[in-house]
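**Student:** Okay, here's the structure, questions in a sec.
Nothing in this text is a laboratory measurement; each read-out follows from the coordinates by a stated rule. Quantities reported herein were computed from a predicted structural model and do not represent experimental measurements. Note that each Cβ is placed from the backbone with ideal geometry, even for glycine, and that neighbours are counted across all protein chains shown.
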């Protein structure tokens, strides 16, 4: 029997993360790195898969060994890679970071002359699958260049605000050669959920105050605005008047770079499970905190029982070896 629609389809950035094996050391002094799957769209798909959701990602890699590595990683994490295709003329992107906990993690993106994930063309999209997915998650990076911008907006228009259609604001100024506001406004008109930190909200709607930013995001189109405030926690506001605020989870930060993607995967889970908004953002906060306590992004994504434990006030568990991927399963019970 053929499986039904995907729980989550993400679209956007993928690459290889190379992280130092020592913290507090600048890149010119680092003598060892660990390699991981990276990129926001790919990481959110992995995070959702860890919570039991059936996920896939729409993206592109180089036709090179790193591209093959990313395919292997996606499959091992239980993410469907059928819409991940190679681009002959561009190399798979590499991202380096420096680790200066608790809050300084400079990133160095190697995506020139162009990243293959920006070569997604509208005619390549499986629009039937995108329309049918319970969640479609796209990112601001996918809007920064053509043909990815047109492809992303095409996917959003085809969704026609179905179910959960998430715009992850994902503002990376180094990727843009023009003003993002028009593209962001176009995406917000088609999204039902907008997620971003204060810098990203200011870029999208010109507001940094959390409540003002939430109101401006809702006015631009979405039904739900989720504003991440770092040490001040998270504010979520629904058009129906429901508001939820969740405090941050105390954590000894190792690497904060994957926390937002873990948050995204848990947000998808909570929205699909129909959990109350406050419970959803608390679980998302817990997922982010767990990943911030670990070195990696993708391989550090938490399992449902870990999210439940931390969301209910328990301690952050040590990282455990991933279970062998046996295909996507029914949604877990992250609370």
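**Student:** What shape does region 19-62 have by the C-alpha gyration tensor, where a ≥ b ≥ c are the square roots of the eigenvalues, rounded means a/c under 1.5, and otherwise prolate means a/b greater than b/c and oblate the rest?
**Tutor:** prolate
**Student:** Taking the beta-carbon count within 10 Å as an exposure proxy, list 293, 85, 298 from fewest neighbours to most.
**Tutor:** 85, 293, 298
**Student:** For region 58-179, what is the Kirkwood estimate of the hydrodynamic radius, computed as the reciprocal of the mean inverse distance between distinct Cα atoms, to one decimal in Å? Don't jump to the answer; show the numbers that get you there.
**Tutor:** Numbers: mean 1/r = 0.0637 Å⁻¹.
15.7 Å is the Kirkwood radius here.
**Student:** Under the Kirkwood approximation applied to all pairs of distinct alpha-carbon atoms, what is the hydrodynamic radius of region 238-304 in Å?
**Tutor:** Every distinct Cα pair counted, the radius reaches 12.1 Å.
**Student:** Using a ≥ b ≥ c from the Cα gyration tensor of region 19-112 (square roots of the eigenvalues), is it rounded, prolate or oblate, where a/c under 1.5 gives rounded and otherwise the larger of a/b and b/c decides, a/b for prolate?
**Tutor:** It is oblate, given that a/c is not under 1.5 and a/b is not larger than b/c.
**Student:** From the alpha carbon gyration tensor of region 268-327, can you work out the equivalent ellipsoid semi-axes (sqrt of 5 times each eigenvalue) and give them in Å, largest to smallest?
**Tutor:** Working from the Cα gyration tensor, I get semi-axes of 20, 15, 10 Å.
**Student:** Give me 301, 11 sorted ascending by neighbouring Cβ count inside 10 Å, so fewest comes first.
**Tutor:** If I rank by nearby Cβ atoms, fewest first, I get 11, 301.
**Student:** If you scale each eigenvalue of the Cα gyration tensor by 5 and take the root, what three semi-axes come out for the chain, rounded to whole angstrom and sorted largest first?
**Tutor:** Semi-axes from the Cα gyration tensor: 25, 24, 21 Å.
**Student:** Give me 123, 190, 211 ranked fewest to most by other Cβ atoms within 10 Å of their Cβ, as a rough exposure proxy.
**Tutor:** Placing the least packed residue first, the sequence is 123, 211, 190.
**Student:** Expressed in nm to one decimal, what extension gain is obtained for the pair residue 89 and residue 109 from 0.36 nm per residue of sequence separation less their Cα-Cα distance?
**Tutor:** 5.4 nm
**Student:** Which order do peptides 49-59, 225-235, 94-104, 252-262 fall in by mean Cβ count within 10 Å, highest first?
**Tutor:** 49-59, 252-262, 225-235, 94-104
**Student:** Given 20 °C and 1.002 mPa s, how large is the Stokes-Einstein diffusion coefficient of region 132-231 in µm²/s, with Rh as the Kirkwood radius over Cα pairs?
**Tutor:** 162
**Student:** Now for a separate question. For region 59-181, what does the relative contact order come out to in percent, with C-alpha contacts under 8 Å and a separation of six or more? Write down the numbers at each step before the final one.
**Tutor:** Values: 170 pairs, mean separation 25.7, N = 123.
About 21 percent, as a whole number.
**Student:** Moving to a separate point now. Could you calculate, for region 94-136, the ratio of the Cα radius of gyration to the Kirkwood radius, expressed as Rg to Rh?
**Tutor:** Ratio of gyration radius to Kirkwood radius for region 94-136: 1.22.
**Student:** Quick check: the distance between the Cα centres of region 45-114 and region 217-259, to the nearest angstrom?
**Tutor:** 25
**Student:** Here's something else I'd like to know. Between residue 240 and residue 279, what is 0.36 nm times their sequence separation minus the Cα-Cα distance? Round to one decimal in nm. Please list the in-between numbers first.
**Tutor:** Numbers: separation 39, 0.36 × 39 = 14.04 nm, distance 1.71 nm.
Taking residue 240 through residue 279 to full extension adds about 12.3 nm, to one decimal.
**Student:** Can I ask one more? What percent antiparallel are the DSSP beta bridges of region 189-257, to the nearest 5?
**Tutor:** Numbers: 9 of 14 bridges.
For region 189-257, the DSSP antiparallel bridge percentage is about 65.
**Student:** Can you bin region 170-324 into rounded, prolate or oblate? Criterion: square roots of the alpha carbon gyration tensor eigenvalues sorted a ≥ b ≥ c, rounded for a/c under 1.5, prolate for a/b above b/c, oblate for the rest.
**Tutor:** Prolate shape, in that a/c is at least 1.5 and a/b is the bigger ratio.
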